[in-house]
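Report on the following structure.
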Amino acid sequence: MRMLVDRLAPIVTQTIGMTRAYFDHYDDSIGEEPVVAAIAEQLSPR
């Protein structure tokens, strides 16, 4: 259980931060940002 929590905690933290940033600073052009593709790749199931 501890290993799972340690593995998922950074993902949860990033997701919370991204959700907050999206909610607070939404802009239609956000999809054009290079970091968005990298984040999507990190979050995609493997």
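Provide a single number: the residues in the chain that are of a type in the set (Phe, Trp, Tyr) and out of contact with any helix residue (DSSP H, G or I) (no Cβ under 8 Å at 6 or more places or on another chain).
Residues in the chain being of a type in the set (Phe, Trp, Tyr) and out of contact with any helix residue (DSSP H, G or I) (no Cβ under 8 Å at 6 or more places or on another chain): 2 in total.
Filter the stretch 1-19 for residues that are part of a helix (DSSP H, G or I) and over 10 Å from the mean Cα position of the chain (by Cα) and give the result.
Residues satisfying the conditions are Arg2, Met3, Leu4, Val5, Asp6, Arg7, Leu8, Ala9.
Quick test for you: out of Ile39, Ile30, pick the one residue that is touching a residue at least 12 places away in the same chain (Cβ under 8 Å), in a helix (DSSP H, G or I) and surrounded by 10 or more Cβ atoms within 10 Å (Cβ to Cβ).
Unique residue meeting the criteria: Ile39.
One residue is enough: does the stretch 11-24 have a residue meeting the conditions loosely packed, with under 10 Cβ neighbours inside 10 Å and at pLDDT below 90?
yes
The values are calculated or read from the model by the stated rules, or taken from the named source; none is laboratory data. For clarity, every value in this text was computed on a predicted model and none was experimentally measured. All Cβ positions, even for glycine, are placed from backbone atoms using ideal geometry, and neighbour counts span all protein chains on display.
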